[in-house]
Amino acid sequence: MKTTVELPDDLARRIKAEAALRGRKLKDLVAEGLRLVLEAPESAASPAKKRQPPTAYELMKDGRGIVDSGIGDLATNPKYMKGFGRASRRHR
């Protein structure tokens, strides 16, 4: 099938140059590129939908609860929270 596609000038130059370097016809290189895009998973085909790096929560979700300190909840016991968040300073 023959069709017309408008491309930015810089992209058209790059495609022509790449086809020449590979010793291939321009139409074959364009067809191969379109096939790759259509066969790629949706996330890889859409750069705008790039996945953000995982959060610390996501990285550690499988490790939650594997360490047993023997204490139910440290944050609710004032004994364990005494002085938390304060820098210890010694005056000499």
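Yes or no, residue by residue, for (1) in contact with a Gly (Cβ under 9 Å, 6 or more places away or on another chain); (2) modelled with pLDDT under 70; (3) part of a helix (DSSP H, G or I):
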site: L7; (1), (2), (3): no, no, no
site: R13; (1), (2), (3): no, no, yes
site: A20; (1), (2), (3): no, no, yes
site: E32; (1), (2), (3): no, no, yes
site: A44; (1), (2), (3): no, yes, yes
site: S69; (1), (2), (3): no, yes, no
site: G83; (1), (2), (3): no, no, no
site: R89; (1), (2), (3): no, yes, no
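Scoring P54 on the criteria (1) modelled with pLDDT of 70 or more; (2) over 25 Å from the mean Cα position of the chain (by Cα); (3) surrounded by 10 or more Cβ atoms within 10 Å (Cβ to Cβ) leaves a single failure, condition (2).
The values are calculated or read from the model by the stated rules, or taken from the named source; none is laboratory data. Predicted model only: the values in this text are computed from it and were never measured. Positions of Cβ are generated from backbone atoms using ideal geometry, with glycine treated the same way; all protein chains shown enter the neighbour counts.
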